[in-house]
Amino acid sequence: MEDATRREFVRLVGGGVIAAFLAACGDGDDDEETPETGSGTRSFEHFAGLTEIPVRAQRIVTLQDQNALLPLLELGVRPVASAGQEDGAGGHRFRRTESYDTSEIAFVGSFGEPDLELIAAQNPDLIVGNSGYIESYDALSAIAPTVLIEVFERPLTESLHQFADLVGALDRWEELKRNYDAAIEALRSDLPRPPAKISLSMI
């Protein structure tokens with residue numbers, strides 16, 4: 001996706017960048033795969049630098065629902081907890097995850113300001129967010145290895161690939177990418193005069 005198209009896409013979608021991509025390429029099935037167990041760590045490069053992360057994280061906490069929790073669910077990985085959206089009546093929801101069973105995912109505060117104490121109480125071995133959490137990075141890293149993935153200032157396919165690499169789900173990523181490419185081509189073929197560029201948005 002070229003820069004001009006990507007900027008328009010982000011403008012239309014707002015916070016739901018990853019959600020729109022997955023709407024185009026995911027099947028929406030709640031088909032979680034059990035992560036392989038493994039020991040040791042590896043170096044992982046991301047928005048905030050280089051971090052030693054578990055080879056197979058077992059207790060992931062996400063700092064945002066539609067741009068962190070959702071892509072991991074689609075990749076077959078279920079975090080133990082996530083920030084989301086408070087509903088004003090003492091409840092909460094994880095936006096755009098309606099196709100998944102999130103009943104056992106603990107709520108750790110609003111995506112705008114996750115609760116560090118609630119996060120720490122989950123005993124995470126990996127915390128995942130996006131570049132918007134850079135100011136909290138040191139505090140989060142004091143709890144567990146923290147990875148921030150850029151989802152706004154680069155092509156969406158690159159962001160999803162990095163999520164997949166993070167959790168060892170590159171095979172699933174390839175499947176999603178094929179579905180995404182097929183959706184684009186199907187849209188192009190349905191248009192009487194297809195444009196040179198096509199972008200997707202979720203309203």
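The values are calculated or read from the model by the stated rules, or taken from the named source; none is laboratory data. The model shown is predicted, which means the values in this text are computed figures rather than measured ones. Using ideal geometry, Cβ is built from the backbone for each residue, glycine included, and neighbour counts are taken over all protein chains shown.
Quick look at the values:
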quantity	calculated
Residues located in segment 174-188, provided they are small (G, A, S) and within 13 Å of L160 (Cα to Cα)	none
Hits in segment 47-66 (condition: among the hydrophobic types (A, V, I, L, M, F, W, C) and either surrounded by fewer than 19 Cβ atoms within 10 Å (Cβ to Cβ) or part of a loop (DSSP other than H, G, I, E, B) (or both))	F47, A48, L50, V55, A57, L63
Per-region count, segment 99-112, residues modelled with pLDDT of 95 or more and surrounded by fewer than 17 Cβ atoms within 10 Å (Cβ to Cβ)	5
Odd one out for T146 among (1) at pLDDT below 90; (2) touching a Ser or Thr at 6+ places or on another chain (Cβ under 9 Å); (3) among the hydroxyl-bearing types (S, T, Y)	(1)
Condition check for P114: in contact with a strand residue (DSSP E or B) (Cβ under 9 Å, 6 or more places away or on another chain) and within 20 Å of A164 (Cβ to Cβ)	no
Residue in segment 113-127 that is without any contact (Cβ under 8 Å) to a residue 12 or more places away in the chain, surrounded by fewer than 17 Cβ atoms within 10 Å (Cβ to Cβ), closer than 23 Å to L176 by Cα and out of contact with any Asp or Glu (no Cβ under 8 Å at 6 or more places or on another chain) present	no
Selected residue [in contact with a Ser or Thr (Cβ under 9 Å, 6 or more places away or on another chain), in a loop (DSSP other than H, G, I, E, B) and either at pLDDT below 95 or not hydrophobic (A, V, I, L, M, F, W, C) (or both)] from G15, G28, G84	G28
